[in-house]
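Chemist: A single structure is presented below for examination.
The values are calculated or read from the model by the stated rules, or taken from the named source; none is laboratory data. Note that the coordinates shown come from a computational prediction; the quantities given were computed from them, not determined experimentally. Glycine gets a Cβ as well: all are built from the backbone with ideal geometry, and neighbour counts include every protein chain shown. Surface accessibility is based on the protein's heavy atoms, side chains included, excluding ligands, DNA and RNA. Shrake-Rupley method; radii C 1.70, N 1.55, O 1.52, S 1.80 Å.
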Amino acid sequence: MHTPPPPPDSAGDEVVAVFDSSGHVRGTAKRSRVYAEGLWHASAGVLVRSTDGERIYVHRRSDTKSVFAGHHDCLAGGVVDPGETPEVTARRELHEELGVDGVELVPLAQTAWDGVWNARPLRCHLYAFETRHDGPFVHQPTEIADGWWWTHDQLLEHLADPEWPFVPDTRVLLADFLTALSP
């Protein structure tokens, strides 16, 4: 059975890796500082496709998340910790959020996002991987509120709606790589 990780100290104030705009690690900082000052950081996530390639696992983030609370996403992922590679982060997050281990990860996409969240800059290097898995899934309740399967077309239809609350950095990451999502 999946054991949830301990809650972060000081409402998400764990230490994360800090990057420069070119994607090179430059040090560490508390997550709250990274978000408050718009420091470059990195995140990695995994797109889970059914083994037949026909469905993509989509989820809704918990309402208690510090960023993009309640938004939908199709990547199980999170921020790169000090000393981690994006693949290590992706594997850790796939386990923490969905309870999935021992699967092959294939690089899918990579980009940098210089966006805005809550009127503050949010700058992130994004790394996406893909895996094939039919479940079961064990949601980490502090991370994921609900999840379900959609076809590629259902996901594209929702992504085409700018009002649909979807994690903006994943939306940007997938905008250039939607053809990679085709079965």
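Chemist: Looking for whichever is touching a residue at least 12 places away in the same chain (Cβ under 8 Å) and over 16 Å from Asp81 (Cβ atoms) here; the options are Gly115, Gly102. Which one fits?
Modeler: Gly115
Chemist: When you go through Ala90, Ala175 one by one, which is the residue that is of a type in the set (A, V, I, L, M, F, W, C) and surrounded by 13 or more Cβ atoms within 10 Å (Cβ to Cβ)?
Modeler: Selected residue: Ala90, the only one of Ala90, Ala175 that is of a type in the set (A, V, I, L, M, F, W, C) and surrounded by 13 or more Cβ atoms within 10 Å (Cβ to Cβ).
Chemist: So which of Val106, Val48, Val88 ends up being among the aliphatic types (A, V, I, L, M) and more than 26 Å from Glu157 (Cβ to Cβ)?
Modeler: Matching residue, one of Val106, Val48, Val88: Val88.
Chemist: List pairs: first in the stretch 36-54 and in a strand (DSSP E or B), second of a type in the set (Lys, Arg), Cβ under 6 Å, 6+ apart or cross-chain?
Modeler: As it stands, the answer is Arg49/Arg132, since those pairs meet every condition given.
Chemist: Mind listing whichever residues of the stretch 55-70 are touching a residue at least 24 places away in the same chain (Cβ under 8 Å) and under 18 Å from Arg31 (Cβ atoms)?
Modeler: Selection gives Arg61, Ser62, Thr64, Lys65, Ser66, Val67, Phe68.
Chemist: Now, a different point. Regarding the stretch 45-63, can at least one residue be identified that is open to solvent by less than 10 Å² (accessible area, probe 1.4 Å), in contact with a helix residue (DSSP H, G or I) (Cβ under 9 Å, 6 or more places away or on another chain), of a type outside the set (Ser, Thr, Tyr) and closer than 17 Å to Ala112 by Cα?
Modeler: Among the residues of the stretch 45-63, at least one is open to solvent by less than 10 Å² (accessible area, probe 1.4 Å), in contact with a helix residue (DSSP H, G or I) (Cβ under 9 Å, 6 or more places away or on another chain), of a type outside the set (Ser, Thr, Tyr) and closer than 17 Å to Ala112 by Cα, which makes the answer yes.
Chemist: Please work out if Phe68 is under 27 Å from Ser21 (Cα atoms), among the aromatic types (Phe, Trp, Tyr), modelled with pLDDT under 95 and under 12 Å from the mean Cα position of the chain (by Cα).
Modeler: Yes; evaluated as a whole, the condition is true for this residue.
Chemist: On to the next question. Exactly one of these conditions fails for Asp134: (1) more than 16 Å from the chain's Cα centre (by Cα); (2) surrounded by 13 or more Cβ atoms within 10 Å (Cβ to Cβ); (3) among the charged types (D, E, K, R); (4) at pLDDT below 95. Give me its number.
Modeler: (4)
Chemist: Does Val116 satisfy being part of a loop (DSSP other than H, G, I, E, B) and open to solvent by 50 Å² or more (accessible area, probe 1.4 Å)?
Modeler: no
Yes or no, residue by residue, for (1) among the small types (Gly, Ala, Ser); (2) touching a helix residue (DSSP H, G or I) at 6+ places or on another chain (Cβ under 8 Å); (3) more than 18 Å from Leu39 (Cα to Cα):
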position	(1), (2), (3)
Pro82	no, no, no
Thr89	no, no, yes
Glu96	no, no, yes
Val100	no, yes, yes
Leu105	no, yes, yes
Thr111	no, yes, no
Val116	no, no, no
Leu122	no, yes, no
